[in-house]
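Structure first, then comments.
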Amino acid sequence: MKYLLLIQANAAGEDGVSADCTVEDWTAFDKEVTEAGVKVSGESLADLVTATTVRVDRDGRRTVTDGPFAEGRELLGGFLVVDVPDLDAALDWAARCPGARDGAVVVRPVADFGG
């Protein structure tokens, strides 16, 4: 079964670096999940200042604004899709993720519409 690990990190410090996770931590985790054969896909997201938000009102008018949809201490840092036997296995991988030390990892099953 496929699960999305939605990695929500605390905002980085002024130097752009998190005190809890290093590049080496992320590299080691990526190697581990890849070598285990459970990684389907995953990406880190570019800096938050590159975000653009689109809203469409009931009349179909589009509003485009710079930045994320909400200001907050946590931000979406990236995602990983794993294919594992069950939720317990997905939770185990989420707990190994460096993002779980720096923020939170939300685990959600990927919907299967029979296709």
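The values are calculated or read from the model by the stated rules, or taken from the named source; none is laboratory data. The structure presented is a predicted model; accordingly, all values stated were derived computationally and were not measured. A quick note on method: Cβ atoms are made from the backbone with ideal geometry, for glycine too, and the neighbour counts reach across all protein chains shown. The area values use the complete protein model at the heavy-atom level, side chains included, leaving out ligands, DNA and RNA. Shrake-Rupley method; radii C 1.70, N 1.55, O 1.52, S 1.80 Å.
Here are the numbers for the structure shown:
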{"item": "Members of region 80-96 that are in contact (Cβ under 8 Å) with a residue 40 or more places away in the chain, open to solvent by 80 Å² or more (accessible area, probe 1.4 Å) and charged (D, E, K, R)", "result": "Arg96"}
{"item": "Subset tally (residues that are modelled with pLDDT of 90 or more and outside any helix (DSSP H, G or I)) for region 32-54", "result": "8"}
{"item": "Every residue from region 20-39 that is of a type in the set (A, V, I, L, M, F, W, C) and open to solvent by less than 70 Å² (accessible area, probe 1.4 Å)", "result": "Cys21, Ala28, Phe29, Val33, Ala36, Val38"}
{"item": "Identity of the residue in region 68-79, in a strand (DSSP E or B) and at pLDDT below 90, that ends up surrounded by the fewest Cβ atoms within 10 Å (Cβ to Cβ)", "result": "Glu74"}
{"item": "The lone exception for Gly60 - which of (1) modelled with pLDDT of 95 or more; (2) assigned to a loop (DSSP other than H, G, I, E, B); (3) open to solvent by 80 Å² or more (accessible area, probe 1.4 Å) it fails", "result": "(3)"}
{"item": "Region 96-112: number of residues that are more than 13 Å from the chain's Cα centre (by Cα) and not in a loop (DSSP other than H, G, I, E, B)", "result": "3"}
